[in-house]
Amino acid sequence: MAYAPHTSQDVATMLRRLGLSSVDELFTSIPSELRLEEGLPLPEGVSEAELRRRLGGMARRNRSTGELVCFAGAGSYEHDVPAAVSFLASRSEFATAYTPYQAEVSQGTLQAIFEYQSYICRLTGLDVSNASLYDGATALVEAVLMAVAQTRRRKILVPRALLSSWRTVLDTYLQARGLELVELPAGEDGRLDPVALDDHLDEETACLVLVQPNAFGVLEDAAAIGERVAATKALLVAVVNPITLPLVLEPAAYGASIAVGEGQPLGLPLSFGGPRLGFMAVRDALKRRMPGRLVGETVDRDGRRGFVLTLQTREQHIRREKATSNICSNQGLAATMATIHLSLLGKKGLSEVSRACLSRAHYLAERLSGIEGFELPLSGPFFHEFVLRTPVSARDFLAAMAGEDILAGVALADAVTGADERDVLVAVTELRTREEMDRYVEGARGAVAALSTEARS
């Protein structure tokens, strides 16, 4: 808020109308031991101009991808976003649209959501998509809860190669539900350990969460895993990156009953980590357990095509105990941006982006692994993200590379709990040029040489 409009007289008038003598009386319902009795240790007030100068100086300490060449990923990726995406999404019809309860006055919004759902179904190969969720992590939570409700089992298998931020969200939501979460380790190739999978996958398992590609960037043998899961009648929950789907086997093809993921790569900028877009698609048999909104196509009494909200499963519409969720403010505008982005790219364009990510990542990985002291510790196949083991601390390496205006990746230990402190997770998208990748290689040589000299001195 840029300006606080309430004067002391305004506050006094409001308190008098409420029958209160002070602002503190508004908070008497909060136990006294939880209330701050003394003022915060803040500096003396300054003028607006001085405050703007100070805050501006603090903001300039941040460095954006406008200044740095970005090779960071771990769930958020810098892709090209056509200017038309933000231009069209910022139209008032989309930007200020409210929940489309009244179909007769919401056909534009409903059609946009319907088109979004259609795209997600085409990408995943599954039958039904909802109107989107808050983000990928909470979409995963909803998928796991669906699997538990559908199978009436309580054991959930989760790979270690899941982003720790996603695992934290999953733990937070499930901690009070009495569910058993079993973490499956990764093998030396970075893939899910098949022995551990066989040890824990049984008739008590509600679902296996399969991350494809996983948090190490490695592609799992999804078809073989899908067969194992199907044999126990557990559900397979696939966590996928939509950019990979033109080239990687779609979730439906390896037996996934539910596919979820983070839609940020589909036309959403990095934007300091938000907002995000969770997508979900399911097999037809699960559609009545889906949380959130679902838009369907119909015809009016004159036979004209129209769109409506259907299978509404919020507690507003059905008995509370039968509601699947209370999701209402899903990321509708973000879903609209993804829809516009996919419409602009088309099938051919999305495939070209996917191929560019794949080929450029492998080019950079090959160049980096040729530097003395660097290696690729995981032998499994990867898509556009890979683990690079450096001869120094990953955080020191990243700081040195930032000095060369290169955001060289993410320290793997910050993305996956228990990872080696030397490992960096490097992501390459279609935006990265060969010149930029060659700069990375030369920068990496220089950074390690400088750090090694510093350590010896």
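Only the coordinates and a few stated rules stand behind these numbers; no lab work does. This one's a predicted model, so the numbers in the text were calculated from it and none came from an experiment. All Cβ positions, even for glycine, are placed from backbone atoms using ideal geometry, and neighbour counts span all protein chains on display.
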* Structure fact -> One would report the antiparallel percent of DSSP beta bridges in the stretch 83-341, rounded to the nearest 5, as 45 percent
* Which percent of Cα-Cα pairs in the stretch 83-341 sits in each 10 Å bin, short to long? -> 7, 31, 35, 19, 6, 1, 0
* Asked: When only C-alpha pairs under 8 Å and at least 6 residues apart count, what is the relative contact order of the chain, in percent?
  -> 20 percent
* Asked: DSSP beta bridges in the chain, what fraction antiparallel, as a percent rounded to 5?
  -> 55 percent
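For Glu204 and Gln175, FRET efficiency with R0 = 25 Å and r from the beta-carbon atoms, rounded to 0.05?
It comes out at approximately 0.80.
Helix-derived [θ] at 222 nm for the chain: sum -39500 (n - 2.57) over DSSP H runs of at least 4, divide by residue count, nearest 500?
Numbers: 13 runs with 170 residues, N = 457.
Per the formula, -12000 deg cm²/dmol.
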* Distance-filtered residues of the stretch 264-291 - backbone nitrogen under 12 Å, label point 7 angstrom along Thr65 Cα→Cβ -> 264-274
* Asked: Once the Cβ-Cβ distance between Ala455 and Ala323 is put in as r, and R0 is 60 Å, what FRET efficiency do you end up with, to the nearest 0.05?
  -> 0.55
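Please give the contour-minus-distance gain from Ile30 to Thr168: 0.36 nm per residue of separation, less the Cα-Cα distance, rounded to one decimal in nm.
46.8 nm
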* Structure fact -> Among GluC sites (Glu not before Pro) in the stretch 354-394, those in a DSSP loop whose Cβ has at most 11 other Cβ atoms within 10 Å are Glu372
* Can you list which of the trypsin sites (Lys or Arg not before Pro) found in the stretch 5-53 are DSSP loop residues with at most 10 other C-beta atoms within 10 Å? => Arg35
* **Cα centroid separation - the stretch 1-45 against the stretch 339-399, whole Å** => 52 Å
* For semi-axes √(5λ) of the Cα gyration tensor in Å, the listed values are [x] 54, 27, 21; [y] 50, 24, 18; [z] 37, 34, 25; which was obtained by calculation from the structure presented? -> [z]
* Asked: Relative to the present Cα-Cα distance, how much length would full extension add between Glu104 and Lys347 at 0.36 nm per residue of separation?
  -> 84.3 nm
* In nm, give the distance between the simple-model label positions of Leu42 and Glu188, each being 7 Å from the Cα along the Cα-to-Cβ direction. => 5.9 nm
* May I ask which residue of Ile225, Gly19, Leu36 lies farthest towards the positive end of the charge dipole of the chain, with charges of +1 (Lys, Arg) and -1 (Asp, Glu) on Cβ and the Cα centre as origin? => Gly19
* Using the membrane-span-like helix rule (whole DSSP H runs, Cα extent along the own axis of at least 27 Å, mean Kyte-Doolittle hydropathy at least -1.0), which helices of the chain qualify? -> 332-369, 434-456
* Structure fact -> Given the candidates Gln111, Pro242, Val426, the one whose Cα lies deepest towards the positive end of the charge dipole of the chain, counting +1 at each Lys or Arg C-beta and -1 at each Asp or Glu C-beta, is Gln111
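Can you tell me the relative contact order of the stretch 83-341? Whole percent, Cα pairs under 8 Å, sequence separation 6 or more.
28 percent
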* May I ask you to compute the full-extension gain from Val441 to Thr417, defined as 0.36 nm times their residue separation minus their alpha-carbon distance, rounded to one decimal in nm? => 5.9 nm
